[in-house]
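Participant: Here it is, the structure in full.
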Amino acid sequence: MKVTLSILKADVGSVGGHICPSAELMESVRQTVKEEGKGIIIDSFISHTGDDVAILATHKLGINSEKIHKIAWDAFLAGTKTAKAQGLYGAGQDLLKDSFSGNVKGMGPAVAEMEFEERPNEPFLFFAADKTDPGAYSLPLYLSFCDPMHNAGLLLSPKMTKGFKFTIMDVEHSDADKVIELNAPEDIYLIAALLRDGERFVVESIHSRDTGDQAAAISTTRLHNIAGKYTGKDDPVMLIRVQGAFPATGEVLSPFTIAPLVAGFMRGSHNGPLMPVKMNSSISFFDGPPVVCCLAFCVHEGKLTPPADAFDHPYWDWVRGRVSEKAQEIRRQGFFGAAMLPYSELEYGGIVDIMKKLESKFKVRK
Ligand code: 13P
Ligand code: 13P
Ligand code: MG
Ligand code: MG
């Protein structure tokens, strides 16, 4: 059977700052998906990562389905209504347009979708990250699809020796999608040259070169490109199919041990280490650190198993301890240098006003 997996994610309000949604907000989203999804959505799972609510839905309508996107939009509107009624912070934060226009892409919510013929066994991973942007997934994706140091299957599985095709988007180009296709292993230096810059180039999808099947779909939304000002970070979601012609689950998880420094953290303006966390985790230190959650599912005829919480394991407790130390190290230098994002990333914020004011006070020596 051909199935579509859709993740639609938005921050529509949170308790006590940018921390987490309320139980009532989550329930409004869940109810709307249940009611409007009747006869359309086969199965769904709703969770939050920090202040972002993600709807994972299975259906037969393909990617970019107006019906599915409308259900998600309505669910986020219902969540916003509850958020307003409870006085939650940032009610409707990620709903940047007043009315639905056929597809939530470009309207604020983050979207990652994949349509494929179900394998007899179909394990996949759902990722959601908060206080960061889509570039946060670039290093883990590079390592688990290009590097045998993390993906032993590149050496051990005959189904993976042909490598993977990366589709990478230039997110600076906001008029239309600007993408490039590059092949691992022969293009890995070119892939690395692009992925080095997570604010400009992000992975949109990855395909197996053995079967042609899609392995990964990643949200590429940059909110400031839509809103023209800072409204919140572009907290990204991602789907990865695993096993068989794709990396094993553990090979996808492996690079998350590194907890790379990524853009986000306080006011979306800093660099911080990406901490792997459990399902429905909240946010704390310095509005962070940036967090990522991974839920492992199997799907059969569109029906989802309950998720296995991939980062809920003693190994990741050890990682989290080390990531806290890494967060503290970079926080010790406050606003200085690499701790805060470069001007180009802050240009929609208050720093622009400060720079304008100072410009007139500068004197050029003759
Ligand atoms: P099992 O033998 O437990 O199925 O594991 C195989 C495998 O590929 C692990 O990565
Ligand atoms: P969110 O993008 O998660 O809402 O966070 C915004 C922020 O400013 C945190 O300090
Ligand atoms: Mg928020
Ligand atoms: Mg968020």
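Participant: In the P(r) worked out for segment 223-366, what percent of Cα pairs fall beyond 26 Å?
Facilitator: 41
Participant: I'd like the Kirkwood hydrodynamic radius of segment 291-360, using the inverse of the mean 1/r over distinct C-alpha pairs, in Å.
Facilitator: 16.4
Participant: Next question, about the same structure. With +1 on the Cβ of every Lys and Arg and -1 on the Cβ of every Asp and Glu, and nothing else charged, how large is the dipole of segment 273-366 about its Cα centre, in debye rounded to the nearest 20?
Facilitator: That gives segment 273-366 a dipole magnitude of about 800 debye.
Participant: Here is a further query. Give me the aspartates and glutamates in straight-line cross-link reach of residue 357: C-alpha distance below 14 Å, same-chain residues under 8 apart excluded.
Facilitator: Qualifying aspartates and glutamates at Cα under 14 Å: none.
Participant: Quick check: with the 1.4 Å probe, what order do 44, 28 take by accessible area, largest first?
Facilitator: My answer, sorted largest first, is 44, 28.
Participant: Using Cα positions and a limit of under 29 Å, work out the lysines in reach of residue 363, with same-chain residues fewer than 8 apart set aside.
Facilitator: List returned: none.
Participant: Moving to a separate point now. Hey, any idea what the orientation-averaged projected area of the convex hull of segment 52-105's Cα atoms comes to, in nm²?
Facilitator: 3.9
Participant: Sticking with this structure for a sec: At 0.36 nm per residue, and after removing the present C-alpha to C-alpha distance, how many nm does the segment from residue 70 to residue 209 gain when stretched out fully?
Facilitator: Extra length from residue 70 to residue 209 when fully extended: 46.7 nm.
Participant: Work out how much length residue 155 to residue 121 would gain on full extension: take 0.36 nm times their residue separation and subtract the Cα-Cα distance, in nm to one decimal.
Facilitator: 9.9 nm
Participant: Further question: Grab the Cα-Cα distance for residue 300 and residue 190, subtract it from 0.36 nm times how many residues apart they are, and report the gain in nm with one decimal.
Facilitator: Here the answer is 35.9 nm.
Participant: Just need log10 I(q)/I(0) for segment 77-227 at q = 0.14, 0.17, 0.19, 0.21 Å⁻¹, Debye formula, equal scatterers on the alpha-carbon atoms, no solvent, rounded to two decimals.
Facilitator: Evaluating at q = 0.14, 0.17, 0.19, 0.21 Å⁻¹ gives log10 I(q)/I(0) of -0.78, -1.04, -1.21, -1.38.
Participant: Taking segment 84-147 as the region of interest, what is the percent of Cα-Cα pairs per 10 angstrom bin, listed from the shortest bin to the one with the maximum distance?
Facilitator: All Cα pairs, binned at 10 Å, distribute as 13, 32, 34, 17, 4 percent.
Participant: So how strong a dipole does segment 146-256 carry about its Cα centre when Lys and Arg Cβ are +1 and Asp and Glu Cβ are -1, to the nearest 20 debye?
Facilitator: So the magnitude is around 180 debye.
Participant: Positive end of the charge dipole of the chain (Lys, Arg +1 and Asp, Glu -1 on Cβ, about the Cα centre): tell me which of 138, 32, 245 has its Cα farthest that way.
Facilitator: The residue sitting farthest along the positive end of the dipole is 138.
Participant: If you split all Cα-Cα distances of the chain into 10 Å bins from zero, what percentages do you get per bin, shortest first?
Facilitator: Histogram of Cα-Cα distances, whole percents per bin: 5, 25, 35, 25, 8, 2, 1, 0.
Participant: Another question, then. Relative contact order for segment 226-366 using alpha-carbon pairs under 8 Å, separation at least 6, rounded to a whole percent?
Facilitator: For segment 226-366, the relative contact order is 21 percent.
Participant: Which entries in 70/105; 34/67; 9/303; 9/84; 159/303 show an alpha-carbon gap greater than 23 Å?
Facilitator: In this structure, 159/303 exceed 23 Å between Cα atoms.
The values are calculated or read from the model by the stated rules, or taken from the named source; none is laboratory data. Since the structure is predicted, the reported quantities are computational estimates derived from the model, not experimental observations. Please note: Cβ atoms are built from the backbone with ideal geometry, for glycine as well, and neighbour counts cover all protein chains shown. Areas reflect the complete protein model, heavy atoms only, side chains present, ligands, DNA and RNA absent. Shrake-Rupley method; radii C 1.70, N 1.55, O 1.52, S 1.80 Å.
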